[in-house]
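Engineer: Got a structure for you, written out below as structure tokens; questions coming shortly.
The values are calculated or read from the model by the stated rules, or taken from the named source; none is laboratory data. In this text, all values refer to a predicted model and were calculated from it rather than measured experimentally. With ideal geometry, Cβ positions are generated from the backbone for all residues, glycine too; neighbour counts draw on all protein chains shown. Remember, those area values only see protein heavy atoms, side chains included, never the ligands or the DNA or RNA. Shrake-Rupley method; radii C 1.70, N 1.55, O 1.52, S 1.80 Å.
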Amino acid sequence: MKKRFIFLAVAAIGLASCNSGFKEAPGGMLYDIHVDKGGPKIQQGDFISVDLVVKTDGDSLLFSTYQQGHPQLAVLPKLQTHGDIMSAFEYLAEGDSATIKTNIDSVYKKRKPPIKGKYVIYEVKVEKVISKGKLSDSAFNNRVQDYLKVQAVAMSKQEPKKIQKYIADHKLKMSQTPSGLYYVITDQGKGEKPAEGDTAMMNYTVRFTDNKLLETNVKDVAVKENKVIPMAHYKPLPIVIDSKGAIQGVVEGLELLNKGGKATLVVPSKLAYGEQGMGNIGPYTPLVFEIELVNIIHPNPNAPKPAALTPVQAQVKKPGSK
């Protein structure tokens, strides 16, 4: 499928239904520091790696780095306003943890989603701080990159374990393609298989290996898991069978099926979003797809050929670019 998903982007967490023990900061933000390591406080321009759990007043989970499989990484920006989650980090240091409560109106200034309650609540644990201090930009960036390389190696080592655990936990008898795609065909389907250049019309549900739903175009699944996205199009997704702009593991899976066929795919990161990840999908993150090949559309041989791209256009359309 196309190398992008529709995500509801949110940042928030929490617990705590009352303000007992909370201090009030400028802008109305409330904070309660649970662990204070006594280290130097985070400054604007510092790099931070943070684990977050984001909830509403009603304890509805909005976001979790623990489910995502990797912490949030950022350079603390110059604060424009007080009262939002970024301003809370100036009260924290490496190793600290806290509960932060921000007013929903300050989080969603333009378009407020249908969230009940007054606060968005964040449970925060600061895993790492790299201070900018008086370091040159080059020296600072080198320190950040060195840290990220170490973390990437650790995540890459965890990926095979996640895949094998998922397969074992679900008692799946999966086959594996030479590229590394794990698959089990639950319904082979009938008739033809898609060939290069065809457009496969696909229903899909994609999850992380902890079973958390990432996205689906099957409305029954979205309704069942309370993940319906307003304005989303719950209809088969067109996927061109080629190597451009699509998740390689999904294309491979579709090529295994006849029309009407269904399969479960466990897609290693090298056949999906790789070492970079994308959005809520972290680096070295395997994904689990339930796919159904609804229809196959052959290319029209009489269709006009697209005009040749200029060098600039070719760079923008470069396969695999984001």
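Engineer: For segment 216-290, with every protein chain kept in place, what is the accessible area per residue (1.4 Å probe, Å²)? Walk me through the numbers before you get to the answer.
Structural biologist: On the way: 3540 Å² over 75 residues.
Heavy-atom SASA per residue in segment 216-290 reads 47 Å².
Engineer: Work out the FRET efficiency for residue 184 and residue 141 from their Cβ-Cβ distance, taking R0 = 35 Å, and round it to the nearest 0.05.
Structural biologist: 0.20
Engineer: What nm distance separates the two modelled labels at residue 195 and residue 164, each placed 7 Å from Cα along Cα→Cβ?
Structural biologist: 4.1
Engineer: Can you give the three extents of the C-alpha atoms in segment 159-218 along their principal axes, from longest to shortest, in whole Å?
Structural biologist: 35, 27, 20
Engineer: With a 1.4 Å probe and all protein chains kept in place, how much accessible area does residue 60 have, in Å² rounded to the nearest 10?
Structural biologist: Taking all protein chains as shown, residue 60 has close to 60 Å².
Engineer: Using the basic label-point model (7 angstrom from Cα toward the beta carbon), what is the residue 90 to residue 297 distance in nanometres?
Structural biologist: 5.3
Engineer: Please work out the Kirkwood hydrodynamic radius for segment 147-284, using every pair of different C-alpha atoms, and report it in angstroms with one decimal place.
Structural biologist: Result for segment 147-284 stands at 16.3 Å.
Engineer: Excluding ligands and nucleic acids, what accessible area in Å² is computed for residue 225 using a 1.4 Å probe, to the nearest 10?
Structural biologist: For residue 225, solvent-accessible area is about 70 Å².
Engineer: Beyond 22 Å between alpha-carbons counts as too far, so tell me which of 101/134; 212/262; 37/125; 165/190; 78/134 fall in that bin.
Structural biologist: Long pairs (Cα-Cα over 22 Å): 101/134; 165/190.
Engineer: Same structure, new question: Summarise the accessible area of segment 36-105 (1.4 Å probe, protein heavy atoms) by the percent that is carbon and sulfur.
Structural biologist: Carbon with sulfur: 51 percent of the solvent-accessible area.
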